[in-house]
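*Asks:* One structure, pasted below without further comment.
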Amino acid sequence: MAPRKAAKPKTKPCPSCNGSGEVSRPVRVGRKRRTVGQQTGMCLGCFGAGEIPATD
Ligand SMILES: [Zn+2]
């Protein structure tokens, strides 16, 4: 077995939120689907961390 260097947790920026940890989604109302604004929510891709484990 080859000796390993200190194991770093490998992560990469979350593609869903581009590393911000938050995603904004348009808020639409009613019948006409009018967009009334934007709501920022926690990114479900990374759970707000902004990065996800890089799996090799
Ligand atoms: Zn994310």
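*Asks:* So, in region 6-33, of the ones that are of a type outside the set (S, T, N, Q) and surrounded by 12 or more Cβ atoms within 10 Å (Cβ to Cβ), which residue ends up farthest from Gly45 (Cα to Cα)?
*Replies:* Lys12
One line per residue, one yes/no per condition, for (1) part of a strand (DSSP E or B); (2) surrounded by fewer than 10 Cβ atoms within 10 Å (Cβ to Cβ); (3) modelled with pLDDT of 90 or more:
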residue	(1), (2), (3)
Arg4	no, yes, no
Phe47	no, no, yes
Ile52	yes, no, yes
Asp56	no, yes, no
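*Asks:* Across region 34-45, which residue is least open to solvent (accessible area, probe 1.4 Å) among those that are over 8 Å from the mean Cα position of the chain (by Cα) and within 16 Å of the ligand (Cβ to nearest atom)?
*Replies:* Among those residues, the one meeting the criterion is Gly41.
The values are calculated or read from the model by the stated rules, or taken from the named source; none is laboratory data. In this text, all values refer to a predicted model and were calculated from it rather than measured experimentally. Please note: Cβ atoms are built from the backbone with ideal geometry, for glycine as well, and neighbour counts cover all protein chains shown. Accessible surface areas use protein heavy atoms only, side chains included; no ligands, DNA or RNA. Shrake-Rupley method; radii C 1.70, N 1.55, O 1.52, S 1.80 Å.
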